[in-house]
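One structure below.
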Amino acid sequence: MFRSFFTFGEWTAKQTIRWLFLIGILPIFWYTIEVVQLTSLMFSYTSETFTGTQYMPMRTENYFLGILIGALFYVVAVFFWKLICELLLFIFRSLEVFIQKSEQRD
């Protein structure tokens, strides 16, 4: 497996796109964490707590909404990444067929 990884021209287009898809999920997961944090901060709310002598404002982050938006973002982003990889696979397979037909003509 790893020996064929370092030699070029031995992987099919399907194997290459599968690895590209799996590697591409990692940055999507990273950005999902960022979206969760950003959403939690953006939609935080302020409440007041009475400490005995005065009211103190407290900012509370909305983690539930952040996780909900983050999950939605992750599903949509992986869907679009899968769509892009499928289009790349279609292009690469078309090129493979074109190359095979041009070799048969020569």
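The values are calculated or read from the model by the stated rules, or taken from the named source; none is laboratory data. Just so you know, these numbers come straight off a predicted model, no measurement behind them. Positions of Cβ are backbone-derived with ideal geometry, glycine not excepted, and every protein chain shown enters the neighbour counts. Accessible surface is based on the protein model in full, side chains and every heavy atom, while ligands, DNA and RNA are left aside. Shrake-Rupley method; radii C 1.70, N 1.55, O 1.52, S 1.80 Å.
Some observations on this one:
- Subset of the stretch 39-88 [part of a loop (DSSP other than H, G, I, E, B) and open to solvent by less than 100 Å² (accessible area, probe 1.4 Å)]: SER44, THR51, GLY52, GLN54, GLU61, ASN62
To keep it simple, each residue is scored yes or no on (1) of a type in the set (Ser, Thr, Tyr); (2) in contact with a strand residue (DSSP E or B) (Cβ under 6 Å, 6 or more places away or on another chain); (3) at pLDDT 95 or above.
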position: MET56; (1), (2), (3): no, yes, no
position: TYR63; (1), (2), (3): yes, no, no
position: GLY66; (1), (2), (3): no, no, no
position: PHE80; (1), (2), (3): no, no, yes
position: ARG93; (1), (2), (3): no, no, no
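- Among the conditions (1) of a type in the set (D, E, K, R); (2) at pLDDT below 80; (3) open to solvent by less than 100 Å² (accessible area, probe 1.4 Å), GLU10 misses just one, which is (3).
- Members of the stretch 19-64 found to be in contact (Cβ under 8 Å) with a residue 40 or more places away in the chain and either under 21 Å from ILE91 (Cβ atoms) or basic (Lys, Arg) (or both), listed by number: LEU20, PHE21, GLY24, ILE25
- Selection of the stretch 1-20 for residues being farther than 25 Å from LEU87 by Cα and part of a helix (DSSP H, G or I) yields PHE2, ARG3.
- Any chance ILE23 is part of a helix (DSSP H, G or I), loosely packed, with under 11 Cβ neighbours inside 10 Å and under 12 Å from the mean Cα position of the chain (by Cα): yes
- Qualifying residue in the stretch 28-45 (condition: in contact with a Phe, Trp or Tyr (Cβ under 9 Å, 6 or more places away or on another chain), under 30 Å from CYS85 (Cα atoms) and at pLDDT below 85): no
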